[in-house]
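> Structure in structure tokens, see below.
Just so it is clear, none of the values below were taken in a lab; they were calculated from the coordinates. Computed from a predicted structure; not experimentally measured. Counting neighbours? That spans all protein chains shown, and the Cβs are built from the backbone with ideal geometry, glycine included.
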Amino acid sequence: MNKSTVSKKFKEIVADIFRTKITQLKDDTDFVNDLNAKSVDMIALIAATENEFGIRTNRGETNKNTTIKESVDYVWKKLQAKKPTKK
């Protein structure tokens, strides 16, 4: 999976949770200011992201992600950490 695919899938999750069109989501879309996210929305987003990508997140780290780009970068970093190293 490449970063572009991660971004597309993440935007699909965001569009579903926030009931918006994926075409309206940009990298700089802010969860609180643009999507009016509440804590329950963010919990749903984190759970859906963990399930979709098979990762575990850290609440302290995820709370720092305020935009789609920051979140995609975080997911990408987590996915890269899961990759087995070649010997």
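> Can you tell me the orientation of helix 68-82 relative to the chain, as the angle in degrees between its alpha-carbon axis and the longest Cα principal axis, to the nearest 10?
Orientation of helix 68-82: about 20 degrees from the principal axis.
> Along Cα→Cβ, 7 Å out, is where each label goes; now give me the distance between the ones at GLN24 and ASP73 in nm to one decimal.
According to this spin-label approximation, the distance is 2.6 nm.
> Taking Cα pairs under 8 Å and at least six residues apart, what relative contact order does the chain come out at, in percent?
Details: 61 pairs, mean separation 29.2, N = 87.
Worked out over the chain, it gives 34 percent.
> What angle do you read, to the nearest 10 degrees and between 0 and 90, between the alpha-carbon axis of helix 39-53 and the longest principal axis of the chain?
Result, in degrees: 30.
> Can you give the extra length, in nm with one decimal, that the chain gains between GLN80 and LYS64 once fully stretched, where that is 0.36 nm per residue apart less the Cα-Cα distance? Intermediate results must be reported in sequence, preceding the final value.
On the way: separation 16, 0.36 × 16 = 5.76 nm, distance 1.93 nm.
In short, 3.8 nm is gained.
> Also, I was wondering about something else. Quick one: dipole size for the chain, taken about the Cα centre, charges +1 on Lys/Arg Cβ and -1 on Asp/Glu Cβ, in debye to the nearest 20.
So the magnitude is around 560 debye.
> Still on this structure, I have one more. Using the alpha-carbon atoms, what tilt in degrees (0 to 90, nearest 10) does helix 3-17 show relative to the longest principal axis of the chain?
Approximately 40 degrees, to the nearest ten.
> In addition: Label-point separation (nm) for GLU12 and VAL32, each offset 7 Å from Cα along Cα-to-Cβ?
That separation, rounded to one decimal, is 3.0 nm.
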